[in-house]
1. With r as the distance between the Cβ atoms of LEU65 and GLU13 and R0 = 25 Å, compute the FRET efficiency 1/(1 + (r/R0)^6) and round to 0.05.
2. At what distance in nm do the modelled label points of SER51 and ARG20 sit from each other, each positioned 7 Å from its Cα along Cα→Cβ?
3. Taking the solvent-accessible surface of protein heavy atoms with a 1.4 Å probe, what is the per residue accessible area of region 28-74 in Å²?
4. Please name whichever of LEU47, VAL27, VAL67 sits farthest to the positive end of the charge dipole of region 25-74, dipole taken about the Cα centre and charges placed at Cβ: Lys and Arg +1, Asp and Glu -1.
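The values are calculated or read from the model by the stated rules, or taken from the named source; none is laboratory data. Small disclaimer: the values here were computed from a predicted structure and weren't measured. With ideal geometry, Cβ positions are generated from the backbone for all residues, glycine too; neighbour counts draw on all protein chains shown. When the accessible area is computed, the model is the full protein with side chains, heavy atoms only, and any ligands, DNA or RNA have been set aside. Shrake-Rupley method; radii C 1.70, N 1.55, O 1.52, S 1.80 Å.
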Amino acid sequence: MKDTAARGQIRCEPTTDIARVGLGVAVRAGAPKPDISTPDALKQTLLKAQSIASILESATGYQLLRVFEHLGIW
């Protein structure tokens with residue numbers, strides 16, 4: 001949204017939250033469930049993952065990038 005506002009396509013004013021976006025983890029059937037119980041466990045799980053899929057231009061993708069940044073793995 002900030003990039004769009006910077007290009008003058010929308011007005012950038014204080015925002016009001018109107019929804020929440022949930023994040024989830026999916027694993028193959030029969031695979032052990034990953035440990036995501038703490039930030040450190042989530043970080044290790046993400047670092048060990050063979051792949052991570054998301055649409056970065058989506059609200060969820062944006063949130064996922066913030067999680068990566070917060071965990072120091074961006």
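1. Efficiency computed from Cβ-Cβ geometry: 0.60.
2. My value for the distance between the label points is 3.0 nm.
3. With the other protein chains kept in place, region 28-74 gives 85 Å² per residue.
4. Towards the positive end, the residue furthest out is VAL27.
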